[in-house]
Amino acid sequence: EDQVTQSPEALRLQEGESSSLNCSYTVSGLRGLFWYRQDPGKGPEFLFTLYSAGEEKEKERLKATLTKKESFLHITAPKPEDSATYLCAVQGDQGGSEKLVFGKGTKLTVNP
Amino acid sequence: GAVVSQHPSRVICKSGTSVKIECRSLDFQATTMFWYRQFPKQSLMLMATSNEGSKATYEQGVEKDKFLINHASLTLSTLTVTSAHPEDSSFYICSARRAGTYEQYFGPGTRLTVT
């Protein structure tokens, strides 16, 4: 069974204080690992897709990396508007399912 | 690009009535759409997967006669909660897979309250 574990559950940073969020996963044949941002009362907003170990993607202050067992979302010099819950999900290639398996998320709070 | 809309954003209904939620992909074709449910401070729980023109595939424990899904076109899927009860109150979110990719784009969600 595919599984995703995110850590920490919650993270408080001061504005400008860089850090990383972790997503550990087990999956039978990785099709893709996905990062989303979710604000309270809203649907998840797509950030990145990573397909293979060694791949990296960047968007503004965010950088996502992938190994065979985990992914990191690095946040450089965060701003208060980066406060949100960050969700990691994987899709495996077994059984023809397109199901995304989500982690429980990391709630990030960036204080001014 | 990759915008998904949901309507309504909020709905309050009485116990025993039915509610329909629409999910549209606005600027791309979605051969597959997904319906999720999210409880407070929890992650998303997949309810069902729907492919255009065919019957939806429901996850274990989800009542297909209670949560009716129709995927009539490449840009529209609907979820109907039949004979709603207070325990059906939740945040329902749809997503759409852009054709040719594995990426799912999510709608803004619908907050359902059953009184």
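All but one of (1) without any contact (Cβ under 8 Å) to a residue 60 or more places away in the chain; (2) touching a helix residue (DSSP H, G or I) at 6+ places or on another chain (Cβ under 9 Å); (3) of a type in the set (Ser, Thr, Tyr) hold for residue A:109; state the number of the condition that does not hold.
Tallying (1) without any contact (Cβ under 8 Å) to a residue 60 or more places away in the chain; (2) touching a helix residue (DSSP H, G or I) at 6+ places or on another chain (Cβ under 9 Å); (3) of a type in the set (Ser, Thr, Tyr), residue A:109 fails exactly one: (1).
Scan A:18, A:28 and give me the residue that is under 25 Å from residue B:50 (Cβ atoms), in contact with a strand residue (DSSP E or B) (Cβ under 7 Å, 6 or more places away or on another chain) and exposed (fewer than 14 other Cβ atoms within 10 Å of the Cβ).
Unique residue meeting the criteria: A:28.
Could you list all residues from segment A:95-112 that are more than 14 Å from chain B (Cβ to nearest Cβ) and surrounded by fewer than 18 Cβ atoms within 10 Å (Cβ to Cβ)?
A:109, A:111, A:112
Can you tell which of A:9, A:81, A:45 is among the acidic types (Asp, Glu) and over 27 Å from residue B:90 (Cβ atoms)?
A:81
When you look at residue A:9, is it touching a residue at least 40 places away in the same chain (Cβ under 8 Å), in contact with a helix residue (DSSP H, G or I) (Cβ under 9 Å, 6 or more places away or on another chain), open to solvent by 20 Å² or more (accessible area, probe 1.4 Å) and over 29 Å from residue B:51 (Cβ atoms), yes or no?
In short, no.
What number goes with the only condition from (1) closer than 30 Å to residue B:90 by Cβ; (2) open to solvent by 30 Å² or more (accessible area, probe 1.4 Å) that residue A:57 does not pass?
Result: residue A:57 passes all but (1).
Take the conditions more than 14 Å from chain B (Cβ to nearest Cβ), at pLDDT below 95 and more than 12 Å from the chain's Cα centre (by Cα) and apply them to residue A:18. Does it pass?
No, not satisfied.
Which residues, counting only those in segment B:73-106, are within 26 Å of residue B:17 (Cβ to Cβ), within 12 Å of another protein chain (Cβ to nearest Cβ) and touching a Ser or Thr at 6+ places or on another chain (Cβ under 6 Å)?
B:92
Please work out which residue is nearest to residue B:15 (Cα to Cα), limiting yourself to segment B:74-115 and to residues that are in a strand (DSSP E or B) and open to solvent by 40 Å² or more (accessible area, probe 1.4 Å).
Per the stated criteria, the residue is B:113.
Using the structure shown, decide if residue B:17 is of a type in the set (Val, Ile, Thr), at pLDDT below 95 and open to solvent by less than 80 Å² (accessible area, probe 1.4 Å).
For residue B:17, the condition - of a type in the set (Val, Ile, Thr), at pLDDT below 95 and open to solvent by less than 80 Å² (accessible area, probe 1.4 Å) - is not met.
The values are calculated or read from the model by the stated rules, or taken from the named source; none is laboratory data. The structure presented is a predicted model; accordingly, all values stated were derived computationally and were not measured. No Cβ is skipped: glycine too gets one built from the backbone with ideal geometry, and neighbour counts run over all protein chains shown. Keep in mind that these areas ignore ligands, DNA and RNA; they rest on the heavy atoms of the full protein, side chains included. Shrake-Rupley method; radii C 1.70, N 1.55, O 1.52, S 1.80 Å.
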